[in-house]
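The values are calculated or read from the model by the stated rules, or taken from the named source; none is laboratory data. Please read all numbers here as calculations on a predicted model, not as lab measurements. Backbone-built Cβ (ideal geometry, glycine too); neighbour counts: all protein chains shown. In case anyone asks, the SASA skips ligands and DNA or RNA and just uses the protein heavy atoms, side chains included. Shrake-Rupley method; radii C 1.70, N 1.55, O 1.52, S 1.80 Å.
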Amino acid sequence: MATKPPTADIDESRVHVTRPKKVAVGVPAVLHALEMANEQMGVTRSVQTLLQVNQKDGFDCPGCAWPEEDRRHVAEFCENGAKAVAEEATLRRVEPEFFASHSLDELRAHDDWWLGQQGRLTHPMMLDEGASHYRPISWDDALRLIADELRSLDDPDEAVFYTSGRTSNEAAFLYQLLVRGIGTNNLPDCSNMCHESSGSALTETIGIGKGTVSIEDIHEADLLIVAGQNPGTNHPRMLSALEKAKQRGATIIAVNPLPEAGLMRFENPQTVRGVAFGGTKLADEFVQIRLGGDQALFQAIGKHLLEAEAAEGGVLDAEFIATHTSGFEAYRQAMTDAPWREFVAATGLPEKALRRVGEAVRASKATIVCWAMGLTQHKHSVPMLRDVVNMLLLQGNIGRAGAGVCPVRGHSNVQGDRTVGIYEKPSAAFLDALDREFGFAAPREHGYDTVEAIRAMRDGRVRFFMGMGGNFVSATPDTAVVEAGMARVGLTVQVSTKLNRSHVVTGRRALILPTLGRTDRDRRGGREQRVTVEDSMGAVHASRGRLAPPSEELLSEVAIVSRLSALVFGTSAGASGARPDAPAAPPAGGGATRHDRGYPERSPREEARTDGPDPAGVGHPSNVPLADWAALEADYALIRSHIARVIPGFEDYEERIDKGRTLHLPNGPRDARRFATADGKARFTVNPLVYPVIPRGRLLLQTLRSHDQYNTTIYGKDDRYRGIRGGRRVVLVNEKDIVALGFAEDDIVDLVSEWTRPDGTVEERRAEEFRIVAYRTPRGNAAAYYPETNVLVPLDSVADVSGTPTSKSVVVRLEARP
Ligand SMILES: Nc1nc2c(c(=O)[nH]1)N[C@H]1C(S)=C(S)[C@@H](COP(=O)(O)OP(=O)(O)OC[C@H]3O[C@@H](n4cnc5c(=O)[nH]c(N)nc54)[C@H](O)[C@@H]3O)O[C@H]1N2
Ligand SMILES: Nc1nc2c(c(=O)[nH]1)N[C@H]1C(S)=C(S)[C@@H](COP(=O)(O)OP(=O)(O)OC[C@H]3O[C@@H](n4cnc5c(=O)[nH]c(N)nc54)[C@H](O)[C@@H]3O)O[C@H]1N2
Ligand SMILES: [Mo]
């Protein structure tokens, strides 16, 4: 039996702190995961469900984007994957009665943990203007309301369409088509807050915004540098791959301000060695760097390699540099001129330690750098990552076995969403192909990213907001600004599986559209549909949910977008026959007529086309994508055939994902050392050294994840590896700083962020009541959990080039509570 959801919020007075763990996973992790799974879905369903995770005929884990190994274990999941599954496959339900008995004000007063723990959403719900409660609404009425609202916009750019990275390729592709059909590129996504800096730096330097390694490369690497990443919590299956590399003789260097348990020692619960012999020591070296010091570290390694080359030769890959790169001489000169003392000041590490890392790189025959949010969420993240590339290029460490760049992506399909067009700055080539396929003209002007969307909301320029998954209100920076901005929007629509803050902080009117998750069976058009996802390494495979959906009322994301598109654009019956190369649509499933299944015979737009003058504004009727929306909903393979014609690399899509097969997308740098940059070469770049300077009496705060959360979804109250239990409002501070700042452990303080505007004035933001915990973080650096600390991140504090909020470097002071 599943247990009941909590009735009260987290009681932060009950936090207690023990010593951090030195080893990750092991049997306690498995037990913890099963306990959570049993709470959410009972024992039988837990076992049945967890055995389906990441199997060839099962569903893709809705946790992280780490790839599956080709030879899969019976239980191919990790502790936190199991928690992600349990959260979705929960037997708890949020039904219309729940909304009738809880007012909006009451819901708003609860914390994110309480909201998420209430269970799966089961019915479309509507919040009328000025209403105190949500009320049930039919799908037809809800979708018509949205279509009417969209048609009433004066300008398509008044609409914003957010995406979170769980959405399948099929749903994401249709969604971007809907949005571009409406006439805007306002497609901000979670990637803007996540790996955008990686995409920016890699596209400029190697011509592809993705990593260049496969899982086999991880196994074959000689040296793995894992920087700015906490895989024990956020990508636990990566630890198995690191273990394998290690057993083959690889060296692992962990670069992190915090001694994260998962990087130190790993007990693999799937092997005898892991369970019985205390596991594998993973990191050979722990480089305890200061927040934001990584650019200096990678420059230092580059300088060390260049010095070693000058002294004894044979260090660099001269042939690779000559044949495949440009800009080497300028980089060499810049590193020659760079003083070691700057590297020491930036990293907080002695020159000796920096040179030791340099030596490990010099000695390595094949090096991979893995990273996540610790490297992407700083003001200077893009130059920092360009310097990672510089270092790898010196030894030709791109495009050969066991070597390359490995940005470890977060959400399970965030990379796939971008591949199929979720991007506010689409390329001309993509738009041209889209135009050809659907016989319309997609808008060319770039749209808003996440931060720009918030600015537009704040300034009253957004009348419509739709979230395809995710939790925009809690995930974004500067919570107070976002909340005020949301309130100015006319209609906000959230397509969601679980209740979250974005359902209770809304526009003047709001809709909740409940949808199927990864684990749910998806029957459309009389058959079971599968969807596809792309992992962090460009491998695409099918995913098919097996569980009975939480309610008969749920529509899949594909169905929601198809039906909405039909209402906005018209059904374009026979549209797929409009182009000679398009396959004929199969008969609509289940024998139902178009009308029976919610598709109008003639849409308002088609009526407008024949009966009256063209309506102004959104999706001019002479310029809408031509697609047979009903047929697409009835057979997702048709969506894949469109994708195959629009996006290079998906040829024979259907066949290549059939029977558990994996479609490997082409990757120029990895496959053939082909670099699609301006000059066709991998580019060395010169990047002036940047690192944070912390004002006196202040701390630099990073906002990170605990072990019991998935982004804004809070699974539980513990951060087991860091030894923090029972609560989340804690700030980790070096014990010497605690004393120097005049506080003591366990003091309750406010965190006040200080942001200097371009005109020199200082803005303050406050997060109240955090308990001080002494922790092994470098002097001057602190850490606290997100999303509680998003209120501290100034909207305008973003990374250069990528626009990513600087969630890992917020200047704060601690203030005693009155
Ligand atoms: N269970 C679980 N899994 C997840 C998620 C989750 O919330 N829960 N989230 C998913 C998502 S969307 C993402 S993007 C990933 C996130 O995965 P991570 O990036 O591992 O997540 P964070 O908790 O943000 O951890 C950042 C790590 O970088 C370190 N760090 C911070 N600043 C710096 C720095 O300046 N330099 C260096 N070298 N290190 C630094 C921190 O100490 C911490 O170890 O995980 C994905 N997987
Ligand atoms: N301060 C700070 N802020 C951060 C970060 C940080 O490190 N520090 N990290 C950033 C990062 S890396 C990311 S990726 C973003 C995450 O931002 P988001 O992706 O927007 O947030 P999530 O918490 O992952 O979204 C959770 C919600 O998604 C919905 N959901 C789950 N599964 C599905 C599904 O299959 N379909 C649909 N339609 N909905 C579903 C559920 O309703 C759930 O409540 O946050 C960013 N914000
Ligand atoms: Mo992310």
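General observations
- Carbon + sulfur, % of accessible area of the range 12-93 - ligands and nucleic acids excluded, 1.4 Å: 58
- Taking 0.36 nm per residue of sequence separation and removing the Cα-Cα distance, the Arg696/Asp11 pair yields an extension gain of 243.2 nm.
- With Cα atoms, 0 to 90° folded angle of helix 557-569 axis to the chain main axis: 50
- 3J(HN,Hα) couplings calculated from phi for the range 645-662 with the Karplus curve 6.51 cos²θ - 1.76 cosθ + 1.60 (θ = phi - 60°) are, in sequence order, 8, 9, 10, x, x, 9, 3, 6, 3, 4, 5, 6, 10, 6, 6, x, 6, 10 Hz; Gly and Pro show x.
- Here the calculated FRET efficiency for Glu768 and Glu329, from their Cβ-Cβ distance with R0 = 51 Å, stands at 0.40, rounded to the nearest 0.05.
- The range 113-191, relative contact order in percent, only Cα pairs under 8 angstrom and at least six apart counted: 23
- Less than 5 angstrom separates the built amide H of Leu282 from those of Arg265, Phe266, all sequence-distant by 5 or more or on a different chain.
- ³J(HN,Hα), Karplus 6.51/-1.76/1.60, whole Hz, each residue of the range 90-96, x for Gly, Pro: 4, 8, 6, 10, 10, 9, x
- In Å², nearest 10: area of Ser103 left accessible to a 1.4 Å probe: 30
- Sequence-distant residues sharing a close amide H with Asn781 (under 5 Å, placed H): Leu700, Asn734
- Full extension of the chain between Ala678 and Glu69 yields a length gain of 215.7 nm, computed as 0.36 nm times the residue separation minus the alpha carbon distance.
- Ranking Met468, Met36 by solvent-accessible area of protein heavy atoms (1.4 Å probe, all protein chains present), from largest to smallest, gives Met36, Met468.
- Backbone HN-Hα couplings from phi across the range 162-167 [Karplus 6.51/-1.76/1.60, Hz, Gly and Pro as x]: 8, 9, 9, x, 9, 4
- The relative contact order of the chain comes to 20 percent, based on Cα pairs under 8 Å that sit 6 or more residues apart.
- For Arg120, the residues whose amide H sits under 5 Å from its own are Arg92, Arg93, Val94, ignoring neighbours fewer than 5 places away on the same chain, with H placed 1.01 Å from N.
- Protection proxy ranking, peptides 364-372, 403-411, 10-18, 432-440, average beta carbon neighbours within 10 Å, highest first: 403-411, 364-372, 432-440, 10-18
- Convex hull volume per residue in cubic angstrom - Cα atoms of the chain: 156
- Taking label points 7 Å from Cα along the Cα-to-Cβ direction, Thr662 and Arg527 give a separation of 2.6 nm.
- Classification of the range 699-816 by its C-alpha gyration tensor yields an oblate form. The axis ratio a/c (a ≥ b ≥ c) is 1.5 or more, and b/c is at least a/b.
- Taking 7 Å steps out from each Cα toward its Cβ at Ala318 and Ala100 produces label points 8.2 nm apart.
- Members of Lys56/Lys659; Lys303/Lys352; Lys303/Lys808 lying beyond 18 Å, as alpha-carbon distances in this model show: Lys303/Lys808
- Environment charge at Gly727 (Cβ cut-off 10 Å; Lys +1, Arg +1, Asp -1, Glu -1): +2
- For the range 409-474, the solvent-accessible area works out to 30 Å² per residue, with a probe of 1.4 Å and every protein chain left in place.
- Heavy atoms of Glu788 accessible to a 1.4 Å probe, total area in Å² rounded to 10: 50
- Whether the range 12-93 is rounded, prolate or oblate, judged on the alpha carbon gyration tensor where a/c under 1.5 counts as rounded: oblate
- Counting all C-alpha pairs of the range 478-554, share separated by more than 17 Å (%): 60
- No Cys partner within the rule (Cβ under 4.7 Å), the chain: Cys61, Cys64, Cys78, Cys190, Cys194
- Accessible area (Å², 1.4 Å probe, nearest 10) - Met126: 10
- The Cβ shell under 10 Å around Arg386 holds other residues with a net charge of -1, Lys and Arg each +1, Asp and Glu each -1.
- Most simply put, the chain has about 45% antiparallel DSSP beta bridges, counting only bridges with both residues inside it.
- Accessible surface of the range 699-816, 1.4 Å probe, proportion on carbon and sulfur as whole %: 46
- Model label points for Glu654 and Arg817, set 7 angstrom from Cα along the Cα-to-Cβ axis, are 6.2 nm apart.
- Per residue, the range 12-93 exposes an accessible area of 44 Å² to a 1.4 Å probe, with every protein chain left in place.
- Taking each residue as 0.36 nm, the span from Glu351 to Ser138 lengthens on full extension beyond its C-alpha to C-alpha distance by 70.1 nm.
- Angle between the chain longest axis and helix 236-247 axis [Cα atoms, degrees, rounded to 10]: 40
- Cα gyration tensor, the range 270-390 - rounded (a/c under 1.5), prolate or oblate: prolate
- Ranking of Lys659, Lys21 by solvent-accessible surface, largest first: Lys659, Lys21 (1.4 Å probe, protein heavy atoms only, all chains present).
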